[in-house]
Every structure is written in structure tokens, then in C-alpha cells.
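The values are calculated or read from the model by the stated rules, or taken from the named source; none is laboratory data. This one's a predicted model, so the numbers in the text were calculated from it and none came from an experiment. Every residue, glycine among them, receives a Cβ derived from its backbone with ideal geometry; neighbour counts consider all protein chains shown.
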Amino acid sequence: MTTIALDAMGGDSAPRAEVEGAILAARELDVRVLLVGIEATVRQELARQKARGLPIDVVNATEVVTMKDSPSQAFRRKKDSSVHVAAKLVRSGQADGMVSAGNTGAVMTIARFILGTLPSVDRPALAAAMPTAKGTPVVLLDVGANVDSKPEQIEQFAVMGEIYYRAIFGTKRPRVGLLSIGEEEMKGNELTREASNLIKQTSLNFIGNVEGRDVYAGVVDVIVCDGFIGNIALKISEGLVEHVGGMLKKAIKSRLSSQLGYVLAKSAFDDFRKKTDYAEYGGAPLLGVRGTAVIGHGRSNGNAIKNAIRVAAGLCRSKANETIDRELSAVAAAGAKG
């Protein structure tokens, strides 16, 4: 049974949402969950939600990383935080992977320094799955782990993102695109042009440059970019979904007078909400670290936590790290020969 260490104190609704997600995961996903947090608080919530008999255990941690803590403070000063303890459980082999919906910068820093990076990886990347018009997800990376990236690192992001897509979504040959300002090879800046040349030399199913409007079109499965651009794209997307959803809700309430019309419109709205809900995709894995680390949205509910655990367990079971290390080593060897 795959064991996942879950930071029970990380999200905005902790530990309620974390405990709820752990219970759902333990019931549905054939996983064992280690709830890491202030023991008395976590056990009280477990008792309230009636989790007896499920493969769930509590691991005590005496400190909590807050959203106000800087990544360096969280790493250096809070050595017994729930994030620290979860990462140490993975490093020691007591857990196969970890999940946290806490401070993203702090979780990334702690995971990188406690778990370390794979030998073949220059910098880990954060990957986010999002919906498309064709009903299939698209994975965008890096979405914030690296503010500045080199062409060789974006090439590594492409390899890691393709492996992640294969492992979680089951597509044998995912289509990989490079985010730029135009589809033509000469478009973009020096970084994207050099990265494109490198990715073309790999065995990936690389379709070339894609534009921002292509992100949700479903014409590509994996989109790579540097973390600065990726984070902006992700945050704009989240804001747009919330804004459009709010406008649709107001329009439904103000324009429809008949009960039947309201019911039909609400059903369509609920379908829209589900297709664009981050909770359905779980968290964003930090690809390239030793072990598995998945970072969830701070507002994660129980369903989002369950799906983050699903992603973490899927990466563990597919041995994604071994594949990443092997394929990146092959890319490096080919580059050295060239």
C-alpha cells in the first residue's frame, strides 16, 4: 500500500479539509495516509469525522508554517513544522510521497532542501494541470518554482512534464509545446528560440511553439515555459475563471424568471464549475525532487486534497522519478555526443 504524508495544517481550512480528504483517499484510493500536524488538534478532527478503521495515522509536529512566513524562515526556523516533518518522512522512507496545501514557496523550499534533487535535474519545476475545450487536461510547467530559467532547464521541464502526463493521464505520446508569442520558429525571445532548438533534438512529440490562446484549446498536452511566465499565466487563468463564473451566476439569477429555465441554466453552470474546478485536478507536483511532493491550492477542500493524494500516489506507483532520471540522463548523453 502506497503511503502518503499529508500536511494536516497547511490549507486555509486546515485541518478539517485535510482530514476529510485523507478519509476520502483512504476509502477510495488504496492508500495509507499519515496526517502530520499538531496531534491533539488532528485527532479531535478525526474523531469528529469518524475515521475509525481506515488506514490513517497521525504523526505529531509542534509547529505550523503560515502564509506570512518567508520560505527561508520556514526552512531555517521551523524545523518541527508539519511540512518539515512530512518531508522527513519521505526522505526516511516512511512515506512514499507528501502533499501540502500550505505556503507554496515554503513547501517548495523545504521539499527541495530536505529531499534534494534528482542527479540529472538542474532545477525542479512545478506542474499544473488545467482543463481544455476538448475535455482533456493540459499540463503547464514551470508555474513558479523558477523565476529565471535557462534553455537547458526548459528542455528538462519538457521531459519531466511529458513523463508526468504519461504517468497520470495515460497518454503514450503526449504532444509537447513551447509557450511563445507566435507559432513560427523565429518568434519569441532568445530563451524560447534556444529552448526550441534543444527540445527538437529530443525524442519528445514536440509540435513547436504555441501561443497563449492555445493553452485551453486542447491542441497540445504539455506546455513548457519559464516559471515567471507560467505563474502569471496560471494566476490570470484562475482569476478569469472566478470572474466569468461570477458573471454567469449573476446573469442566471437576474435574467431567468421561470423555475424550469433556472434549473436548466443552473445545471449548465454547475457543469462549467466542475470542468474548471482546480479541485478536480488535485495539486501541482514539484517534479525533479527525490521523492514525490505535491502542492495543493490553499483553498483546497476535501475533494481537492483527495485528488492531490491521488496524483502523489500515481507518481509513486508509476516510478516517475526513475523514469525522469533515466530519460534526462539519456538527453544529457545525447547532447554531449552532439
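Sort through ALA22, ALA61 and tell me the only one that's surrounded by 19 or more Cβ atoms within 10 Å (Cβ to Cβ) and under 20 Å from GLY282 (Cβ atoms).
Numbers: ALA61 fails: under 20 Å from GLY282 (Cβ atoms).
Unique residue meeting the criteria: ALA22.
Take VAL31 and tell me if it is touching a residue at least 40 places away in the same chain (Cβ under 8 Å) and under 20 Å from ARG317 (Cα atoms). Quick ask: steps written out before the conclusion?
Numbers: touching a residue at least 40 places away in the same chain (Cβ under 8 Å): yes; under 20 Å from ARG317 (Cα atoms): yes.
So VAL31 passes the test.
For region 166-196, how many residues meet the condition of being over 20 Å from the mean Cα position of the chain (by Cα), touching a residue at least 24 places away in the same chain (Cβ under 8 Å) and within 20 Å of ALA330 (Cβ to Cβ)?
2
Which one of ASP30, ASP12, ASP7 is on the phi > 0 side of the Ramachandran plot and in the same structural domain as ARG91 (by TED's automatic domain parsing)? Steps first, answer last, please.
Working: ASP12 fails: on the phi > 0 side of the Ramachandran plot; ASP7 fails: on the phi > 0 side of the Ramachandran plot.
Result of the check over ASP30, ASP12, ASP7: ASP30.
Can you find, within region 69-84, the residue that is nearest to GLY105 (Cα to Cα) among those that are small (Gly, Ala, Ser) and crowded, with 20+ Cβ neighbours inside 10 Å? Even if it seems obvious, please write down each step before you answer.
Kept after step one, since they are small (Gly, Ala, Ser), are these residues of region 69-84: 70, 72, 74, 81-82.
Retained after the next criterion (residues that are crowded, with 20+ Cβ neighbours inside 10 Å): 74, 81-82.
Details: ALA74: 9, SER81: 15, SER82: 15 Å.
So, considering only residues that are small (Gly, Ala, Ser) and crowded, with 20+ Cβ neighbours inside 10 Å, the one nearest to GLY105 (Cα to Cα) is ALA74.
Looking only at region 105-119, count every residue that is more than 18 Å from ILE154 (Cβ to Cβ), in a loop (DSSP other than H, G, I, E, B) and in contact with a strand residue (DSSP E or B) (Cβ under 8 Å, 6 or more places away or on another chain) and tell me the total.
The total comes to 1.
Which pairs have Cβ atoms under 8 Å, sit 6 or more apart or on different chains, and link a residue in region 83-98 that is in the same structural domain as MET67 (by TED's automatic domain parsing) and in contact (Cβ under 8 Å) with a residue 12 or more places away in the chain to one that is in a loop (DSSP other than H, G, I, E, B) and of a type in the set (Lys, Arg)?
The qualifying pairs are HIS84/LYS78; ARG91/ARG290.
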